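Below: one structure, written as structure tokens.
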Amino acid sequence: MLADTGQALLGATPKLAVDTSWLPKMRAVRAQYEAELATMARDTEAPMHPAALASALARALPVDALAVYDGGQTTFWSDDLTPVHEVRTRFHDPGMSQLGLGPARGAGLPHAFPAAPGHGHVRQHEPVWV
């Protein structure tokens with residue numbers, strides 16, 4: 001078959017009824033989860049809560065910064081609290097909890113994105129490992 005895949009599939013599938021009754025509940029669950037994250041992110045007393053650290057890093061990073069999360073808890077907290085403003089600016093293995101990939105990725109980013117802020121001719125600085 002030689003065709004636009006999307007158009008071919010649209011023509012080949014029957015119209016399906018979409019049940020959206022679950023959506024308000026999921027939005028409420030997400031709002032509750034985000035409220036809990038915000039509470040944890042305010043916990044800066046020693047020992048600092050990981051959510052507070054991820055939130056502080058999110059505020060400190062420029063919108064176009066390249067960030068690498070190594071495995072474990074760093075990845076989980078960063079996924080929720082460090083927003084992605086641009087594609088290919090956050091690098092990690094979600095759900096894998098693998099430690100050790102971060103340093104290699106951090107070392108490779110200046111080569112993969114030489115014109116990115118903080119790399120190449122703009123300004124050069126050492127990665128910060130957390």
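The values are calculated or read from the model by the stated rules, or taken from the named source; none is laboratory data. Since the model is a prediction, treat every value here as computed from it, not as a measurement. Counting neighbours? That spans all protein chains shown, and the Cβs are built from the backbone with ideal geometry, glycine included.
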| request: Check residue 52 against each of (1) at pLDDT below 90; (2) within 15 Å of residue 82 (Cβ to Cβ); (3) not aromatic (Phe, Trp, Tyr) and name the one condition it does not meet. | output: (1)
| Residue check: is residue 97 hydroxyl-bearing (Ser, Thr, Tyr), under 30 Å from residue 36 (Cβ atoms), surrounded by 11 or more Cβ atoms within 10 Å (Cβ to Cβ) and at pLDDT below 80? | yes
